[in-house]
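What follows is one structure encoded as structure tokens, with my remarks underneath.
The values are calculated or read from the model by the stated rules, or taken from the named source; none is laboratory data. None of the values given here were measured: they were computed from a predicted structure. Note that each Cβ is placed from the backbone with ideal geometry, even for glycine, and that neighbours are counted across all protein chains shown. Accessible surface areas use protein heavy atoms only, side chains included; no ligands, DNA or RNA. Shrake-Rupley method; radii C 1.70, N 1.55, O 1.52, S 1.80 Å.
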Amino acid sequence: MRIVESIQELRNARAELESPLGFVPTMGYLHEGHLSLVRRARQECGSVAASIFVNPTQFGPQEDLAAYPRDLERDLGLLKAEGVDLVWTPMTATMYPEGFQTWVSVDELTRHLEGKQRPGHFRGVTTIVAKLFNAVGPDRAYFGQKDAQQATVIRRMVADLNFPIEVVVCPIVREADGLAKSSRNTYLNEAQRKAATVLFRSLTAAVEAFESGQREAQTLRDTMSTVLAGEPLAEVQYVSVADPETLEELSGEIRRALLSMAVFVGETRLIDNKVVGE
Ligand code: AMP
């Protein structure tokens, strides 16, 4: 496994990799969610590259950039064990050189859900992902359904900017009790960790309601809210039943929907989602 830091080293190493090249962008502190993307890429591609970069521009001023967990040595061991060919760990000064002022932003899709709560977040995400794509030049790029809006926004960006890249979105990997795996789960103390299962429990309640024939958007929102309200350590930021393609909130009878939420458990902001319907 080659580990490179500069763009020149990356380009030299990339040139020797077998096609098609699968790429997994991450912010590190890897868990089974990340590794599921790596494994899928390994199965489907001639070679696999991953990046580890905690992207400062996607964090808001009050968010956890400084505290974001990091363990490069461990991450490299995990990637090596999965048979990754190339790991790129760029420096911040490489990605954001002095005088940096060029941004990529996706308009409509980022006005909802996470974009509404985290102004500027997606501008940071799409800018860094475009830069990673330009530097790595992958054939396929692997993202997780855990960040459902991110996946939708990246697909839009890839289509709009004609990146010759196939975006592959992989299912959410969960803990045994349903909590979606996240690097941020390490912030939770024991009581908070137990409370955090409320996101999955509320999604499950709404999925069960949907499967028993409930199609009313607001009733499904209320089902999730009621379960969330039963957990004293959880503070809900939003609960959504949205169109999976446009991400607009739905009302009335629905056929297909993205159920999603953001919830604070203590200082830790957790998200989760599930798509229902055909
Ligand atoms: P991050 O390091 O948080 O930026 O995540 C890197 C990639 O891993 C993103 O495409 C995430 O959606 C994906 N990912 C994170 N957690 C999970 C999970 N629990 N299941 C599946 N994919 C995930």
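Flag set for T89, criterion: open to solvent by less than 70 Å² (accessible area, probe 1.4 Å) and among the hydroxyl-bearing types (S, T, Y). For segment 214-223, the criterion of a residue being in contact (Cβ under 8 Å) with a residue 40 or more places away in the chain, in a helix (DSSP H, G or I) and open to solvent by 40 Å² or more (accessible area, probe 1.4 Å) is satisfied by no position. Does T102 fit the bill of being surrounded by fewer than 21 Cβ atoms within 10 Å (Cβ to Cβ), more than 15 Å from the ligand (Cβ to nearest atom) and at pLDDT 95 or above? Spelling it out, T102 is indeed surrounded by fewer than 21 Cβ atoms within 10 Å (Cβ to Cβ), more than 15 Å from the ligand (Cβ to nearest atom) and at pLDDT 95 or above. Somewhere in segment 31-44, is a residue more than 18 Å from T186 (Cα to Cα) and touching an Asp or Glu at 6+ places or on another chain (Cβ under 6 Å)? Checked segment 31-44: at least one residue is more than 18 Å from T186 (Cα to Cα) and touching an Asp or Glu at 6+ places or on another chain (Cβ under 6 Å). Which of the following residues is part of a strand (DSSP E or B) and either within 14 Å of the ligand (Cβ to nearest atom) or not aliphatic (A, V, I, L, M) (or both): V24, V38, V54? It is V24. So L161 clears everything in (1) touching a residue at least 40 places away in the same chain (Cβ under 8 Å); (2) open to solvent by 20 Å² or more (accessible area, probe 1.4 Å); (3) within 20 Å of E231 (Cα to Cα); (4) not charged (D, E, K, R) except one condition, right? Which one? Answer for L161: the failing condition is (3).
Only one of the numbered conditions (1) touching a residue at least 60 places away in the same chain (Cβ under 8 Å); (2) in contact with a helix residue (DSSP H, G or I) (Cβ under 8 Å, 6 or more places away or on another chain); (3) closer than 28 Å to Q117 by Cβ is not met by L37, and that is (2).
All conditions in (1) buried (at least 18 other Cβ atoms within 10 Å of the Cβ); (2) within 16 Å of the ligand (Cβ to nearest atom) hold for G60, with the sole exception of (1). Taking every residue in segment 141-155 that is outside any helix (DSSP H, G or I) and pairing it with any residue that is basic (K, R) and more than 7 Å from the ligand (Cβ to nearest atom), at least 6 positions away or on another chain, the pairs with Cβ-Cβ distances below 7 Å are Y142/R40.
Among the residues of segment 94-140, the one identified as assigned to a loop (DSSP other than H, G, I, E, B) and among the basic types (K, R) is R118.
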